[in-house]
Amino acid sequence: MDYSNASTRRNIILDKLKISGQVFVNELAEFFNVSQETIRRDLTKLEELRHIKKVHGGAVSYQFGFEMEFNQRARLAEKEKKAIASKAAKLITPGDSLFIDFGTTTLEFAKQIATINQLTIFTNSPVIANIFHDNTTIKIILIGGEFGASKMECIGPVALQGIAAFYADYAVIGAGAISPDAGVMDQDLNEAAIARQMIKHSHKCIVLADGHKLNNRATALVTGLREVSWLVTTDPENKLKGLAFPPHLKIIVA
């Protein structure tokens, strides 16, 4: 079938959304045999028409809302996120200090490490901070700032200044996209700035990202891969064998 016609592609994209609720740029580009930039233009047009909402690495049906409710976002690739969180938690030991930014995968990670004693947690999310309240050995420092209720996190200059007052063993961050060439990326400029600041004030960085985000790009660069010590991911499409990452980067497949 000829997919050179934009209208044809966009109708098929809408059909796919009716079935699965979410589509990914890289998968659509492969399906239609067009560039990812072509797919991004298609998604931008569909968003302008209020048919979809663009999210990290793809789009969701507009029925999910212009800003998806958190519990709906959390259900996307839910099993993969839990598997990633479980693997990443094995890197943490009692006494460690961690920055944790807010996302559905980092929330799962927080649940996994909540039983590890003597941790120090710095986070810009009240939701993540609350995960640790039952473990009295854990010190929790909540970073304040401009609160975005739809995303349950603090962002902006005040949050960046708050992060800069501390230094941690690890920065544990989520990602909107992972490019072997460009690095770790995010669709939201404010969230990218938070993650960047956390990495700057940490000894090592752990990135959590499901396999759909591999070999993809997003709007804002968070950091180059030279600053990342571990990438914890999944590989449902066997992408990793065809990607060239820096030799120092430890890749853990969940």
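The values are calculated or read from the model by the stated rules, or taken from the named source; none is laboratory data. All values derive from a computational prediction rather than experimental measurement. Positions of Cβ are backbone-derived with ideal geometry, glycine not excepted, and every protein chain shown enters the neighbour counts. Note: accessible area is taken over every heavy atom of the protein model, side chains too, but ligands, DNA and RNA are not part of it. Shrake-Rupley method; radii C 1.70, N 1.55, O 1.52, S 1.80 Å.
Observations, loosely collected:
- Of all residues making up the range 146-191, the number that are open to solvent by 30 Å² or more (accessible area, probe 1.4 Å) and either modelled with pLDDT of 95 or more or under 23 Å from residue 91 (Cα atoms) (or both): 10
- Residues considered: 232, 228, 253. Of these, the only one that is within 18 Å of the chain's Cα centre (by Cα) and open to solvent by 40 Å² or more (accessible area, probe 1.4 Å) is 253.
- The condition of being open to solvent by less than 10 Å² (accessible area, probe 1.4 Å), closer than 24 Å to residue 164 by Cα, within 14 Å of the chain's Cα centre (by Cα) and of a type in the set (A, V, I, L, M, F, W, C) holds for only one of 100, 121, 128, that being 100.
- Within the range 138-160, the set of residues being in contact with a helix residue (DSSP H, G or I) (Cβ under 7 Å, 6 or more places away or on another chain) and of a type in the set (Asp, Glu) comprises just one member, 146.
- Members of the range 1-39 found to be hydrophobic (A, V, I, L, M, F, W, C), outside any helix (DSSP H, G or I) and within 20 Å of the chain's Cα centre (by Cα), listed by number: 23, 24
- All conditions but one from (1) modelled with pLDDT of 95 or more; (2) outside any loop (DSSP other than H, G, I, E, B) apply to residue 73; the one that does not is (1).
- The range 142-164 residues that are part of a strand (DSSP E or B), paired with ones that are surrounded by 19 or more Cβ atoms within 10 Å (Cβ to Cβ) and hydroxyl-bearing (Ser, Thr, Tyr) (beta carbon under 6 Å, 6 or more apart): 153/125
- Taking the criterion of being in contact with a helix residue (DSSP H, G or I) (Cβ under 9 Å, 6 or more places away or on another chain) and assigned to a loop (DSSP other than H, G, I, E, B), the residues of the range 239-250 that qualify are 239, 245, 246, 248, 249.
- Looking only at residues in the range 197-207 that are more than 13 Å from the chain's Cα centre (by Cα) and buried (at least 19 other Cβ atoms within 10 Å of the Cβ), the one that is farthest from residue 58 (Cα to Cα) is 202.
- Listing of strands (runs of 3 or more DSSP E) fully contained in the range 180-229 that carry 1 or more residues being hydroxyl-bearing (Ser, Thr, Tyr), touching a strand residue (DSSP E or B) at 6+ places or on another chain (Cβ under 6 Å) and at negative phi: 202-208, 220-223
- Filtered residues of the range 165-179 (kept if part of a loop (DSSP other than H, G, I, E, B) and not hydrophobic (A, V, I, L, M, F, W, C)): 167, 176
- Per-region count, the range 17-54, residues farther than 20 Å from residue 187 by Cβ and surrounded by fewer than 18 Cβ atoms within 10 Å (Cβ to Cβ): 6
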